[in-house]
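Okay, so here's the structure we're looking at.
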Amino acid sequence: MSARTDTATKPESQTRKLYVKTYGCQMNVYDSERMAETLADQGYESVDSPDHADLVLLNTCHIREKAAEKVYSDLGRLRKLEKERGKSMQVGVAGCVAQAEGEEIVRRMPQVDLVVGPQAYHRLPDMLSALEDGKGTQVITDFPVEDKFSDLPATRKSSGPTAFLTVQEGCDKFCAFCVVPYTRGAEYSRPAKHILAEASRLVESGAREITLLGQNVNAYHGEGTGGDWTLARLVREMAEIDGLARIRYTTSHPNDMSDDLIAAHGEIDRLMPFLHLPVQSGSDRILKAMNRKHDADSYRRLIDRIREARPDIALSGDFIVGYPGETDEDYEDTLRLIKDIQYAQAFSFKYSPRPGTPATGAEQISEDIKAERLAGVQEALGKSQAAFQNACIGQTMPVLLDRHGKFAGQMMGRSPYLQNVHLPADTERRGEIVMVKITEAHKNSLGGECITAP
Ligand code: SAH
Ligand code: SF4
Ligand code: F3S
């Protein structure tokens, strides 16, 4: 940390050790991989602990207060680690806290060497050289005009059978509770040909399943042949890539669920029958206050249409409880919506006021009521998830074997519905898609037996 003007701490060998810690959403997971690739070109080798690292990057999340505060406690822990090991390290803060708090991070934690917002990762090598040259703490949180993705290196390898691929960034929706439009900026879609090229490289290096990512991935409208492409068009083209067995996308907004995307779910086998479609609340009053621009019934009708196209689709969502002004009736409306939709899984959160967002100044619901409502929503979601899990018993489904299980001779895999499935299988079979008869259902996983010949 104190190494910013201290060239004597430069390691003798050319290889330096980089530890990246990722918080928050899948887009951060993707960005962390890309940062590690960029820095690999500069001689940094990735390690999985900060203990011997020369450079630590915290790729942070600002979505709720707790997420943002974790960064400061981790920075404190790193300072302690540095003292204990008696060797300095450089520390950088990346991601959405970096974007939202910028210089404030350095004021609060002066040992931080660099702060870099999510749109500026391609500038990391320059920032590190500036540190080497003793130029002092580096902070970049502007939204540069250039595309961060095309400047990142073309070396892109999948680390396993499943991979993430960011196709869209930013958000223009401005839900009244959310920091994303401020931390990730305006919506931007990558050109289709860059995405297809990256997808092919991922498949060549072992990916069988690719999840297309975006804060509003179904608002994708990137430049393609013959004009802008929709997400549906992109998915159709990706489905032609030899060796790519499965395609997913996340996260979607209900208002961008277009007819062609719904139709794609019925027509493209490689598009997996799973959809994360956050609704946030079942109350029209609260949805309006949240600036969601849809109501509970339009969401119900949308789900009906999606199920018509793909009857077995598994649905997931996000819910916020305790939004300012939420009454018991509003909360009951949310419980009713959960019952109506029957989610296969879903996330739920207590509303957390975020600096700079419109909802933050409003009178807050008490912590006790928030906790009570969260428990109620989680119970309702738990019931519908259990029903979905139990209905899988006796079914035979294709499972992509992607990692070792807890026990010897056991593999874990993914069902089409994004469930974890454990089964007895040789670890050599990683990357294979096998047919599995489901025999057990647990809260967050299934168990089964492989019926595909070895
Ligand atoms: N772009 C996605 C998700 C963005 S953030 C979408 O439109 O749905 C992921 C989830 O975090 C949101 O869906 C929301 O449920 C939750 N979230 C966002 N801001 C929050 C806040 N201030 N307090 C609590 N939960 C929040
Ligand atoms: Fe946030 Fe709303 Fe944009 Fe989702 S759609 S990222 S919740 S502002
Ligand atoms: Fe968090 Fe930023 Fe993702 S705030 S959820 S890391 S877009």
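The values are calculated or read from the model by the stated rules, or taken from the named source; none is laboratory data. Computed from a prediction, not measured in an experiment: that's the story for all the values here. Glycine also receives a Cβ, built like all others from the backbone with ideal geometry; neighbour counts cover every protein chain displayed. Side chains are part of the model used for accessible areas, which takes the heavy atoms of the whole protein and leaves out ligands, DNA and RNA. Shrake-Rupley method; radii C 1.70, N 1.55, O 1.52, S 1.80 Å.
Could you tell me whether any residue of region 132-155 is open to solvent by less than 30 Å² (accessible area, probe 1.4 Å), away from ligand 3 (no atom under 16 Å from the Cβ), touching a residue at least 60 places away in the same chain (Cβ under 8 Å) and assigned by TED's automatic domain parsing to the domain that holds SER352? Within region 132-155 (the criterion being open to solvent by less than 30 Å² (accessible area, probe 1.4 Å), away from ligand 3 (no atom under 16 Å from the Cβ), touching a residue at least 60 places away in the same chain (Cβ under 8 Å) and assigned by TED's automatic domain parsing to the domain that holds SER352), the answer is yes, since at least one residue qualifies.
Go through region 315-336 and report how many residues are more than 16 Å from ligand 3 (Cβ to nearest atom) and closer than 21 Å to ASN216 by Cβ.
Going through region 315-336, the residues more than 16 Å from ligand 3 (Cβ to nearest atom) turn out to be 315, 321-336.
Still in the list and also closer than 21 Å to ASN216 by Cβ: 315, 323.
Final tally of qualifying residues: 2.
Considering (1) crowded, with 18+ Cβ neighbours inside 10 Å; (2) over 20 Å from the mean Cα position of the chain (by Cα), the lone condition that GLN119 does not fulfil carries the number (2). Pairs needed: first member in region 181-207, under 17 Å from ALA120 (Cβ atoms); second member anywhere, within 16 Å of ligand 1 (Cβ to nearest atom) and open to solvent by 40 Å² or more (accessible area, probe 1.4 Å); C-beta distance under 6 Å; at least 6 residues apart or different chains. So the pair list comes out as TYR182/GLY356; THR183/ALA100; ALA186/ASP172. Taken together, the residues in region 54-69 that are out of contact with any Gly (no Cβ under 8 Å at 6 or more places or on another chain) and within 11 Å of ligand 1 (Cβ to nearest atom) amount to 4. If you filter region 210-268 down to residues that are charged (D, E, K, R) and open to solvent by less than 50 Å² (accessible area, probe 1.4 Å), you find that the one that is nearest to PRO278 (Cα to Cα) is ASP256.
Per-residue answers, yes or no, for (1) buried (at least 22 other Cβ atoms within 10 Å of the Cβ); (2) within 12 Å of ligand 3 (Cβ to nearest atom):
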{"site": "VAL56", "(1), (2)": "yes, no"}
{"site": "ASN59", "(1), (2)": "yes, yes"}
{"site": "VAL71", "(1), (2)": "yes, yes"}
{"site": "ASP74", "(1), (2)": "no, no"}
{"site": "GLU84", "(1), (2)": "no, no"}
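Within region 43-72, the set of residues being modelled with pLDDT under 95, on the phi < 0 side of the Ramachandran plot and small (Gly, Ala, Ser) comprises ALA67, ALA68.
For THR162, are the conditions met, namely being at pLDDT 95 or above and open to solvent by 20 Å² or more (accessible area, probe 1.4 Å)? The answer is yes for THR162. How about region 292-337: which of its residues are within 20 Å of TYR417 (Cβ to Cβ), of a type in the set (A, V, I, L, M) and open to solvent by 30 Å² or more (accessible area, probe 1.4 Å)? Result: ALA309, single match.
Before we move on, is ARG79 free of Cβ contacts under 8 Å to residues at least 40 places away in the same chain and open to solvent by 50 Å² or more (accessible area, probe 1.4 Å)? Can you show your working first?
On the way: free of Cβ contacts under 8 Å to residues at least 40 places away in the same chain: no; open to solvent by 50 Å² or more (accessible area, probe 1.4 Å): yes.
Considered against the rule, which asks whether it is free of Cβ contacts under 8 Å to residues at least 40 places away in the same chain and open to solvent by 50 Å² or more (accessible area, probe 1.4 Å), ARG79 comes out as no.
Scoring MET290 on the criteria (1) within 18 Å of GLN378 (Cβ to Cβ); (2) touching a Cys at 6+ places or on another chain (Cβ under 7 Å) leaves a single failure, condition (1). Against the numbered list (1) more than 16 Å from ligand 1 (Cβ to nearest atom); (2) touching an Asp or Glu at 6+ places or on another chain (Cβ under 7 Å); (3) open to solvent by less than 10 Å² (accessible area, probe 1.4 Å), ALA207 comes up short only at (2).
Name the residue that is farthest from SER258 (Cα to Cα), counting only residues in region 272-286 that are open to solvent by 10 Å² or more (accessible area, probe 1.4 Å) and assigned to a helix (DSSP H, G or I). Lay out the reasoning, then the answer.
Within region 272-286, the subset open to solvent by 10 Å² or more (accessible area, probe 1.4 Å) is 272, 274, 276, 280, 284-285.
The next check asks that each one be assigned to a helix (DSSP H, G or I); those that pass are 284-285.
On the way: ASP284: 22, ARG285: 25 Å.
Residue satisfying both the conditions and the ranking: ARG285.
Just one of the listed residues (SER189, SER200) is of a type in the set (Ser, Thr, Tyr), within 25 Å of LYS157 (Cβ to Cβ) and away from ligand 2 (no atom under 16 Å from the Cβ), and it is SER200.
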